[in-house]
Amino acid sequence: MKQIQWFPGHMPKTLRELATEVKLCDAVIEIVDARAPFSSRNPEIQNIIGDKAHIILMNKALLADSKETYKWSRIFHGQLKKVLEVDAIKDKNMILIKNTVKTEVNRINYIKGTRTINQTIRAMIVGIPNVGKSTLINNLARKKSCATGNMPGLTRDTVWIKASEDFYLYDTPGVLWPKFDNETMAMHLALIGSIDDDILPLDDVCGYGFAFVDKYYRRLFKEYYKLADYDINDLETIYAQIAKSRGCYLKQEIDYERINRLFLKDLRSKKLGGITFDRADDHTQKKVI
């Protein structure tokens, strides 16, 4: 299995800028992908938040396994973190987000002994690529302030956006960390689309994806691709059956790349049902950042 890495040149510069600009902010809104709530948290970002009000938004909750999302919310609450389940595309919980940020800022300021009457709140939006930062900002601001798209690395510059008279958002590019020490985390980020597909070893990623959905969502996997009984270790047979059910051939030969990209598209768009890659029970006894 090839090691997955993706750390474009603008990311170190962005991390340095965030460490400076966070001093101007009252709160940090950290957006994670509900399908990978652990893997989609950048440990580098955790180091710059400091004592600011900190709110975790589990975005794309409608694409995730609701039972796992509930478990992850319990884990984060147990770590004394303020967390909300949201879906930016469906415009879910936007008012609750604003109110939660203001409440958390007031709570932190009360602890610090800082006056908060009629305060204009400045919140920094952070997260790894393709977790939905721009879509969420557009909904909070009730206008199209940021370019959006289902691809990582779309936002490259930091910018202030006025959401209301007393609420400003600081948009930032998605930032990964320099090296994935945990190959499972890298695979999960690849499967949710946080790493550019064009640089991925798609055979390895999809082989892992096949094994994952077979383990946790086998019935859905079999039904959607009309698979007969199969051995998950026999990938050739799985590719052959998907090629037959989806017509994925190139010059009468199995088109493996087309199947890989089809599988990733189906996986990310809930065609196989709500899927969560980071399993909460695997992290219950571990330290969660």
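The values are calculated or read from the model by the stated rules, or taken from the named source; none is laboratory data. Since this is a predicted model, take the numbers as computed values, not measurements. Here the Cβ is made from the backbone with ideal geometry for all residues, glycine too, and neighbour counts use every protein chain on show. Quick note on the areas: whole protein, heavy atoms, side chains included, nothing else; ligands and nucleic acids left out. Shrake-Rupley method; radii C 1.70, N 1.55, O 1.52, S 1.80 Å.
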Quick check for you: with a 1.4 Å probe and neighbouring chains kept, what is the accessible area per residue of the chain, in Å²? 49 Å²
Name the residue farthest towards the positive end of the dipole of the chain from the options T69, L267, C25, assuming +1 on Cβ of Lys and Arg, -1 on Cβ of Asp and Glu, about the Cα centre. C25
Taking R0 as 25 Å, what FRET efficiency do you get between K92 and I199 from their Cβ-Cβ distance, rounded to the nearest 0.05? 0.20
FRET efficiency, 1/(1 + (r/R0)^6) with R0 25 Å, evaluated for Y110 and N47 via beta carbons: 0.50
Just order 53-64, 15-26 by mean Cβ neighbour count inside 10 Å, highest at the front, would you? 53-64, 15-26
May I ask you to give the percent of accessible area on the chain that is carbon plus sulfur, with a probe radius of 1.4 Å? 49 percent
From highest to lowest solvent-accessible area (probe 1.4 Å; ligands, DNA and RNA excluded), K98, K265 read K265, K98
Net dipole in debye of the chain [+1 Lys, Arg Cβ; -1 Asp, Glu Cβ; about Cα centre; nearest 20]: 1100 debye
Shape call for the range 224-271 from the C-alpha gyration tensor, a ≥ b ≥ c root eigenvalues: rounded (a/c under 1.5), prolate (a/b greater than b/c) or oblate? oblate
